[in-house]
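The values are calculated or read from the model by the stated rules, or taken from the named source; none is laboratory data. The shown structure was predicted, so the numbers you read here are calculated from the model rather than taken from an experiment. Here the Cβ positions follow ideal geometry from the backbone for every residue, glycine too, while neighbour counts run over all protein chains shown. Ligands, DNA and RNA are stripped out before the accessible areas are found, and what is left, the full protein with its side chains, is counted by its heavy atoms. Shrake-Rupley method; radii C 1.70, N 1.55, O 1.52, S 1.80 Å.
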Amino acid sequence: ERRGPQPLPRSLASLAASPLASPKFTPVYRRMPGTNARRSGPPKHQNSFAWVPASADKHNTLQDKVGKLDLRGGVCAKCYEVIEWKRRYGKYKPLKQPAKCLGCNQKAVHQAYHQLCPPCAGSRRVCAKCMRAPPAPPTAEELEAKEAQAHASLESRLGALPERQRRTAQRQLAVGGVPVSL
């Protein structure tokens, strides 16, 4: 039996000429420079006040106008948070001209980032930005089933506790508190 490197098949012979195939080459995996993977805790220099967009610009009336806009109408909670973040951090760009509604193809969209005009969004009962219907509220049967499932899981966890901890948890539940041992 011959020990040592075996000859490569012909299909891999072309790779043998590359410098990566040399037995001396060993890849070195290093941490990317500038990353701070081991650091934890609070920031080294905490900001003393919140960032204000265009605070140095004394004549920026666009920020004042955007700040007074009512952005709540016709959008779901998630889309409202997205638009509100853009407004808060100076990224909100209001429309200069009305945009075309995807529902009625009229130039009737006056709010930035919206896809539907208010009448189309109202008639379809969807969000004017993401065009999705809001989630339906859970029915009474779904709420009862969820409560029963939570009660069953609580009972199973109580059954697994030792006697002393189980009685303590039952007393805490009777008072109305949340048991610490669960």
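Only residues that are more than 25 Å from the chain's Cα centre (by Cα) and of a type outside the set (D, E, K, R): list them for the stretch 122-137, please.
In the first step, residues of the stretch 122-137 are kept if they are more than 25 Å from the chain's Cα centre (by Cα); the result is 122-124.
Passing the criteria: 122, 123.
Answer with yes or no whether residue 118 is at pLDDT 85 or above, open to solvent by 70 Å² or more (accessible area, probe 1.4 Å), in contact with a strand residue (DSSP E or B) (Cβ under 9 Å, 6 or more places away or on another chain) and on the phi < 0 side of the Ramachandran plot.
Details: at pLDDT 85 or above: yes; open to solvent by 70 Å² or more (accessible area, probe 1.4 Å): yes; in contact with a strand residue (DSSP E or B) (Cβ under 9 Å, 6 or more places away or on another chain): yes; on the phi < 0 side of the Ramachandran plot: yes.
Yes.
Among 158, 154, which is in contact with a Lys or Arg (Cβ under 6 Å, 6 or more places away or on another chain), in a helix (DSSP H, G or I) and more than 30 Å from residue 105 (Cβ to Cβ)? Spell out how you get there, then give the answer.
Working: 154 fails: in contact with a Lys or Arg (Cβ under 6 Å, 6 or more places away or on another chain).
Going through 158, 154 in turn, the sole match is 158.
Pairs, please: C-beta under 9 Å, at least 6 apart or cross-chain, first residue under 17 Å from residue 87 (Cα atoms) and in the stretch 44-56, second open to solvent by 100 Å² or more (accessible area, probe 1.4 Å)?
53/88; 53/91
Filter the stretch 74-103 for residues that are assigned to a loop (DSSP other than H, G, I, E, B) and surrounded by 13 or more Cβ atoms within 10 Å (Cβ to Cβ) and give the result. First the steps, then the outcome.
Step one: filter the stretch 74-103 for residues assigned to a loop (DSSP other than H, G, I, E, B), giving 74-76, 89-98, 101-103.
Correct list: 74, 75, 76, 90, 92, 94, 98, 101, 102, 103.
Can you tell me which residues in the stretch 113-162 are among the hydroxyl-bearing types (Ser, Thr, Tyr) and within 25 Å of residue 97 (Cα to Cα)?
Initially, the stretch 113-162 is screened for residues among the hydroxyl-bearing types (Ser, Thr, Tyr), giving 113, 123, 139, 153, 156.
Passing the criteria: 113, 123.
Can you tell me which of 173, 158 is in contact (Cβ under 8 Å) with a residue 24 or more places away in the chain, open to solvent by less than 100 Å² (accessible area, probe 1.4 Å) and over 30 Å from the mean Cα position of the chain (by Cα)? Before you say what the answer is, go through the steps one by one.
Values: 173 fails: in contact (Cβ under 8 Å) with a residue 24 or more places away in the chain.
Sole residue among the options that is in contact (Cβ under 8 Å) with a residue 24 or more places away in the chain, open to solvent by less than 100 Å² (accessible area, probe 1.4 Å) and over 30 Å from the mean Cα position of the chain (by Cα): 158.
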